[in-house]
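The values are calculated or read from the model by the stated rules, or taken from the named source; none is laboratory data. These figures come from a predicted structure and were not determined experimentally. Note: ideal-geometry Cβ built from the backbone for every residue, glycine included; neighbour counts use all protein chains shown. Note: accessible area is taken over every heavy atom of the protein model, side chains too, but ligands, DNA and RNA are not part of it. Shrake-Rupley method; radii C 1.70, N 1.55, O 1.52, S 1.80 Å.
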Amino acid sequence: MIKPETVVKNRYRIVRLLGEGGFGKTYEVDDEGTLKVLKLLNLDSLYNSEKRQTALSLFQREAEILKRLNHPGIPRVESDCYFTWQDGIDTRHCLVMEKIDGQNLENWRRERDDKFITQKQAIEWLKQLLEIVEYLHQHNYIHRDIKPPNIMLKPNGQLVLIDFGGVKQITDTYIAKLVDDVDATKLWTAGYTPQEQRKGKPLKQSDFFALGCTLVYLLTGISPEQFDTDDDDLLIWRHHAPTVGENLANLIDRMIAPLHRERPQDTQIILKYLATLEKEPSVVEDKPTDLSVNNRDKIEKKLSASLKHGIAKLINISSVIKAAIALGVLLPLGFFSGRYFLQRIPFNFYHRGFESFQAGDLERAESYYRLALFLDPNFAEIYFSLGKVHEKRAKWELAEAEYQKAIALQPDYDKPYNNLGRLYIHKKQYSAAIALLKQGLELTKDKAVESALLKNFGLALKEQEKYEEAKIYLQKSLALDGKRAPAYCLLAQILEIQGNKVEVGEKWKNCLRYASEDNPDEKIWKNQAQKRLQLQNTQK
């Protein structure tokens, strides 16, 4: 340990040890009158050279990333923040950064014993953290280690996210590794790390999972890994959070969904939901609550009673129950004990509907979706999913109606704009299609959705014989997704019309390579590509 008053690099005077753990120690230092934090990497305990190099790389990465970032919710550093220092015969790796006054949220909560934050406080803190995370995501970084010990609360009430050693940059190479099933460097903390990150494949939605679990901890005082899960791996935590209203609890459950595709896809979706939530009158008393064991029992009994009342009402609807029995999903008796909550049922039905759709069982998928809608008629994603079921059955008008409902319920939901635009193209309503696709492009932040929107934009322009404009949009679509078969097929058709014999062969080859037999349109294009390529070969 470095003694107080030691001067490092002829500049930083050691004031005191702040903490130690992992592979380093943290000191408070005086930099010519300004207090800062010095992180000292300790590699002595790592005898494996590969692990030493990994630890050093993570430490150096933190320095490089912090130098590129400038946000009040992230510690500031100077350009020379990372350096090595010779401590006798030992070479020390050092990182100096802004000192954040205050304490981390884990220590802050422990000092409050069994008093938990209010719903109002939870919303305010989530908004602050989302703004920091959005800044990171906009710069193509995933934090990967969001948890209470890595969030500092300043005396003025502002939160600061710390510990950037595990940050992962999203690059083309990184995305390629995910696609090719190659593990990235793994980093995880029990209770706060989702399954895709534990497998070494973190995504932006992994940070949302960690944020949701952080809220669960702050609202219950219990570490997330201590909770049970239901049959769908959803955390059972609500009965320990007496200050939380149903809508906020629903949002948290979406954020901590086991599968990343079931979580909100970007920060704006969550922030818009929170803005709506703040306008609603609070349904719980806005005071911190002492939750003793006796209080817990009372709360669970109250929840159980209200739950049974809700189930009793549901049982009176025979058609729904018959459908549930037919599907084999009538809930077990354990449901009535208070471990499960009515709010989760729509999501369970939705997930099962999605799985049935993926398996090609359209009838079962529709049944699950309709059960979910009965319980939650404002679930926009289910209307979108029903639209896809109708499309598979070639029931275009029914599909169109469902997509329109999804947009009406959630105007910032990007996917229905794409599918509805495609239906309008089939109806030759090109102006209406293009207007919808433009709206979708303005809304989306998802590259896959953006690529699909651009492809359909190109399709609409092609059908209007605006070939040069169409090529621009199709090429933009492929720049985002180089395996989008329809874009190659459409480009090949346009090049044929234009008499371009040089490039058309390559486009038909890619059309054939990436087109799917399971998609009716792509199957037609695939057959067309085979014929075109055979014709080219005979003409050589």
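Determine whether residue 88 is closer than 21 Å to residue 25 by Cα, over 30 Å from the mean Cα position of the chain (by Cα) and open to solvent by 30 Å² or more (accessible area, probe 1.4 Å). Reasoning before the result, please.
Numbers: closer than 21 Å to residue 25 by Cα: yes; over 30 Å from the mean Cα position of the chain (by Cα): yes; open to solvent by 30 Å² or more (accessible area, probe 1.4 Å): yes.
So residue 88 passes the test.
Just to be sure before I move on: is residue 461 farther than 23 Å from residue 379 by Cβ and surrounded by 22 or more Cβ atoms within 10 Å (Cβ to Cβ) in the structure I sent?
When the stated conditions are applied, residue 461 passes them.
Can you name the number of the only condition in (1) farther than 22 Å from residue 25 by Cβ; (2) within 24 Å of the chain's Cα centre (by Cα); (3) surrounded by fewer than 19 Cβ atoms within 10 Å (Cβ to Cβ) that residue 106 fails?
Going through (1) farther than 22 Å from residue 25 by Cβ; (2) within 24 Å of the chain's Cα centre (by Cα); (3) surrounded by fewer than 19 Cβ atoms within 10 Å (Cβ to Cβ) one by one, residue 106 breaks only (1).
Wholly within the stretch 187-259, which helices (runs of 4 or more DSSP H) include no fewer than the required count, namely at least 3 residues that are under 14 Å from residue 145 (Cβ atoms) and open to solvent by less than 30 Å² (accessible area, probe 1.4 Å)?
Details: elements: 195-198, 204-220, 246-255.
The qualifying helices (runs of 4 or more DSSP H) are 204-220.
If you go through the stretch 214-236 one residue at a time, how many are out of contact with any Asp or Glu (no Cβ under 9 Å at 6 or more places or on another chain) and among the hydrophobic types (A, V, I, L, M, F, W, C)? Step through it out loud before you land on a result.
Taking the stretch 214-236 first, the residues out of contact with any Asp or Glu (no Cβ under 9 Å at 6 or more places or on another chain) are 214-216, 218-220, 222-233.
Those still in the list that are among the hydrophobic types (A, V, I, L, M, F, W, C) too: 215-216, 218-219, 222, 227.
Going through the stretch 214-236 one residue at a time, the tally reaches 6.
Would you check if there is a residue in the stretch 241-257 being of a type in the set (Lys, Arg), over 19 Å from the mean Cα position of the chain (by Cα) and within 23 Å of residue 352 (Cα to Cα)?
no
Among the numbered conditions (1) under 31 Å from the mean Cα position of the chain (by Cα); (2) modelled with pLDDT of 90 or more, tell me where residue 517 comes up short.
(2)
Does at least one position in the stretch 486-493 carry a residue that is over 35 Å from the mean Cα position of the chain (by Cα) and either aliphatic (A, V, I, L, M) or more than 24 Å from residue 446 (Cβ to Cβ) (or both)? Walk me through it before giving the result.
Just the residues of the stretch 486-493 that are over 35 Å from the mean Cα position of the chain (by Cα), to begin with: 492-493.
Next, from what is left, pick out any that are either aliphatic (A, V, I, L, M) or more than 24 Å from residue 446 (Cβ to Cβ) (or both): 492-493.
The answer is yes; a qualifying residue exists.
Run down 442, 450, 496 and say which single residue is loosely packed, with under 13 Cβ neighbours inside 10 Å, free of Cβ contacts under 8 Å to residues at least 40 places away in the same chain and acidic (Asp, Glu). It would help to see each step written out before you state the result.
Working: 450 fails: loosely packed, with under 13 Cβ neighbours inside 10 Å; 496 fails: loosely packed, with under 13 Cβ neighbours inside 10 Å.
The match here is 442.
Just to check your reading of the model, which residue among 124, 62 is of a type outside the set (Lys, Arg) and open to solvent by 60 Å² or more (accessible area, probe 1.4 Å)? Walk me through how you get there before you give the answer.
Working: 62 fails: open to solvent by 60 Å² or more (accessible area, probe 1.4 Å).
Result: 124 is the single residue among 124, 62 that is of a type outside the set (Lys, Arg) and open to solvent by 60 Å² or more (accessible area, probe 1.4 Å).
Say whether the condition of being surrounded by fewer than 21 Cβ atoms within 10 Å (Cβ to Cβ) and over 14 Å from residue 444 (Cβ atoms) is met by at least one residue in the stretch 406-416.
yes
If residue 516 satisfies every condition in (1) touching a residue at least 12 places away in the same chain (Cβ under 8 Å); (2) assigned to a helix (DSSP H, G or I) but one, which is the exception?
Looking at each condition in turn, residue 516 falls short on (2).
Could you tell me whether any residue of the stretch 8-20 is assigned to a loop (DSSP other than H, G, I, E, B), surrounded by fewer than 13 Cβ atoms within 10 Å (Cβ to Cβ) and modelled with pLDDT under 85?
No, the conditions are met nowhere in the stretch 8-20.
Name the residues in the stretch 464-485 that are open to solvent by 70 Å² or more (accessible area, probe 1.4 Å), over 20 Å from residue 527 (Cα atoms) and under 32 Å from the mean Cα position of the chain (by Cα), would you? If you could, list the steps in order and put the result at the bottom.
Initial filter on the stretch 464-485 (open to solvent by 70 Å² or more (accessible area, probe 1.4 Å)): 465-466, 468-469, 472, 475-476, 479, 483.
From what's left, over 20 Å from residue 527 (Cα atoms): 465-466, 468-469, 472, 475-476, 479.
Passing the criteria: 472, 475, 476, 479.
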